[in-house]
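Coordinate-derived values only; no laboratory data. Only a predicted model underlies this, so the values are computations on that prediction, with no experimental measurement involved. Cβ coordinates were reconstructed from backbone atoms using ideal geometry, including for glycine residues, and neighbour counts include every protein chain displayed.
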Amino acid sequence: MTFTFPSPGVAVPDPVVWGIAYNTTNYGYAPIGTSAACYVEPGGCGYDSLNVGSETLPPLIGTDVDPDGAYLNSLSSGAYCDSGGTGVFRLDIAGDCNTEYRPMAEFIGATSNDCKNSGWRAFTNPTFKNQGACVSYFNHL
């Protein structure tokens, strides 16, 4: 997955914890319900088991602060490796339960190209006095 921030100057905290949420037949922010045609078809609705993950690879940039853990939010205790609570987005930290297939993402932020054509004026954290200062900042990251 790739996340592109919409405008320059968006401050990203360190560390970044991210998640994916989607609606299923009975769960999610706005559950789809049982009236969907796929609900009565053999195999049911594919979105009821929308798995996201990849074999674990080392990060290209940054650090995976807990390669044995994963953040998730499930109402099912069986989705977790540890004995913590359910129904809240939290770190599941038990052993090697989450190491084989985990979601992976790329976060794309501003670059020196975003400084051009007065784009340097849009930055708020940090701010720049001119285009040259903006370009210099990104070229030295």
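Positive contributions from Lys and Arg (+1) and negative ones from Asp and Glu (-1), summed over other residues with Cβ under 15 Å from the Cβ of C134, come out at +2.
Each residue of the range 110-117 is assigned a 3J(HN,Hα), and the resulting list reads 5, 10, 4, 5, 6, 7, 6, 6 Hz, derived from the Karplus form 6.51 cos²θ - 1.76 cosθ + 1.60 (θ = phi - 60°), x at Gly and Pro. Among residues other than S77 with Cβ under 15 Å from its Cβ, the summed charge is -1 (Lys and Arg +1, Asp and Glu -1).
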